[in-house]
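The next block holds one structure in the form of structure tokens; read it before the comments.
The values are calculated or read from the model by the stated rules, or taken from the named source; none is laboratory data. In this text the structure is predicted, and so the values were computed from the model without any measurement. Every residue, glycine among them, receives a Cβ derived from its backbone with ideal geometry; neighbour counts consider all protein chains shown. Accessible surface is based on the protein model in full, side chains and every heavy atom, while ligands, DNA and RNA are left aside. Shrake-Rupley method; radii C 1.70, N 1.55, O 1.52, S 1.80 Å.
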Amino acid sequence: MHTDRPVLGILLMLGFCVLAPLGDSIAKILGDSIDVGQLVTVRFALQLLILAPVVWLAGMSVSMSGRILRLTAIRTVLHILGIGMMFLALRYLPLADAIAIAFVMPFIMLVLGHFVLGEEVGHRRIIACCVGFVGTLFVIQPSFAEVGWPALLPLGVALDFALFMLVTRQIAKDVDPITLQAISGAMATAVLFPALLIISPFELPGFTITKPSGVEWTLLFGLGAIGTSAHLLMTWSLRFAPAATLAPMQYLEIPVAAALGLLIFRDFPNGLALLGICITIAAGLYILFREQRLSRLPPTPPPVAPPAV
């Protein structure tokens, strides 16, 4: 078991916020030529291929209790659905727009973290989330009227990954992240690969198989490696900090996505978007500095019972 170390948890989440949009960028590039079913299958198969040797060489135990195994299976299903919906959304939406719309997730996490896990949610965290969300609106200026039905996909991603992170929080302190990701990769591959082989001959949209080119194989490997690393960092972060603490930090995915959109897809943010980036970063830094300050304070002593009358 690990005690909470919120500053370390936040730093690990920052790594996730950098890598996750980078993986989404690669998925968006590949989405023009490879169907989402094949993308998701290869993503999890590479996760297994990368981590299984690490688990074997390090002699890590893969045994789990019945409860942890069930939660891991639920987590894997949520992971498949979340990644699948995001990859599909990226075929229709700009990178930053898809991520911005999905950023109702921290609000869902705050509510679920409080009512499901009993985590304390102070007013400063709520304010920081609100300020960060205002920043994301300035960055992306999403309009459901303009994007149409694909805007519903990131909303599904938001709900899915809120549940995913809360399930991860339930098991992250009891299972090594590398072992957890390796087992999740094995579970997902065992389900997705046969399903893709069975469904692909029917040529259903989203489930066709395409032979990747040399460059596409390189991008696919990058997608698997980056996605695996990102979720390892996210899992590690949840070992050291409550979901409610980490929620505001995830807003930093927005400026990272905006920067990648500029570099890769030539999406240039306007002045209002740049203001939003500053607001988002300020909200994230506020949480980091506050957690650093709180970590230095001595624990509050338990209340003393009044003398018996």
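Which whole-angstrom value gives the distance between the alpha carbon centres of the range 84-113 and the range 170-223?
Distance between centres, Cα-based: 20 Å.
What order do Asp176, Asp32 take when sorted by accessible area (1.4 Å probe), most exposed first?
From most exposed to least exposed: Asp32, Asp176.
Length gain on complete extension for the stretch Val134 to Val191, per 0.36 nm per residue less the alpha carbon to alpha carbon distance?
Gain on stretching Val134 to Val191: 16.6 nm.
Please compute the contact order of the range 171-266 in relative form: average sequence separation of alpha-carbon pairs under 8 Å and at least six residues apart, divided by the residue count, as a percent.
Rounded, it is 39 percent for the range 171-266.
Shape of the range 1-63 from its Cα gyration tensor (a ≥ b ≥ c, root eigenvalues): rounded if a/c is under 1.5, otherwise prolate when a/b > b/c, or oblate?
oblate
Give the dimensionless ratio obtained when the Cα radius of gyration of the range 193-276 is divided by 2.2 N^0.38 Å.
Ratio of Rg to 2.2 N^0.38 Å for the range 193-276: 1.56.
How many nm separate the modelled label positions at Arg67 and Glu216, each set 7 Å beyond the Cα in the direction of the Cβ?
4.6 nm
Run the numbers on the range 1-135 and let me know its relative contact order in percent, using alpha-carbon pairs under 8 Å that are six or more apart.
Relative CO of the range 1-135 lands at 30 percent.
Which shape class applies to the range 1-126: rounded if a/c is under 1.5, otherwise prolate when a/b exceeds b/c and oblate if not, where a ≥ b ≥ c are the square roots of the Cα gyration tensor eigenvalues?
oblate
Taking 0.36 nm per residue of separation and subtracting the Cα-Cα distance, what length does fully extending Asp174 through Ala259 add?
In short, 27.0 nm is gained.
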